[in-house]
Amino acid sequence: MSERFPRTTREPVFNLPPVIIASVVLLGVIHAIRVWLLTPDQEGWVIAAFSFVPVRITFPAAYDFDWPGGIAGDVWTFFTYAFLHADWMHFGINALWLAAFGTPLARRFGPQRFIGFSLLGAAGGAAAHLALDPHSMAPLVGASAAIAAQMAAAARFAFSPGGRLGGGGAFSADADHRPALTIPEMIRNSRVLMFLGVWFVFNLLFGLLFTPPGIQSSQIAWDAHLGGFIVGLLFFPIFDPVARRAT
């Protein structure tokens, strides 16, 4: 029997789960404190202490800089960078994507699993960025990798029969709790392949060619997005409380 979490029978457009609302508020408060309350020196310390900088791991002594937090900081920055944003536009875009793709996942997982899964996605994004750009001195910030993991996870069940994007007309009230697709089933599903193709092209275009308006202060870390997406796709079954379909 599959484990279910409480959910309302009607789902207004803005009926966001509490964990999504709390996440958006937390990210907004953190950015507001950085922008409005901290001095430039204090903000610089926050970026050094909590953003993810690959050379901190690969060449910690190369630049004669005392990284805040030491070895513990080397670990926590795999997660804490996701709580920082480059500017208000960066935060706003991530908040919208979080509401869109985090909401069905939060309803399916419940708050504890959702938080743990999102943190794992953030760590996967940092690990991919480290592997593909180990000499980078640019701070990596933003919740995008965690959201990419949520997006990949949502695709596992949104395109399943009876899911929100599964086709066949209107979806049921149980849409976010349908048994998930296996990866082979996703590969055979044309809707899923189109979704994945658009997502990868979108990230490559923005990450390699240009930066969206309002995010002038940093490039889009397409490799972190890719890492988060892959982690979300592969680790989804470990967190999923819904039983698989009988074979």
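Computed from the coordinates by the stated procedures, all read-outs in this text should not be read as laboratory data. Note that the structure is predicted; figures quoted are calculated from it, not measured. Here Cβ is always computed from backbone atoms with ideal geometry, including for glycine, and neighbour counts include all displayed protein chains.
Structure above, values below:
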item: Estimated distance in nm for a label pair at residue 96 and residue 63, the labels positioned 7 Å out from Cα along Cα-to-Cβ; result: 3.2
item: Projected label distance in nm at residue 75 and residue 26, using a 7 Å step from Cα toward the beta-carbon; result: 1.9
item: Chain lengthening between residue 185 and residue 42 when straightened (0.36 nm per residue, less Cα-Cα); result: 46.5 nm
item: All Cα pairs of segment 1-143, percent lying beyond 25 Å; result: 36
item: Filtered chymotrypsin sites (Phe, Trp or Tyr not before Pro), segment 39-77: DSSP coil and at most 16 other beta carbons within 10 Å; result: 63, 65
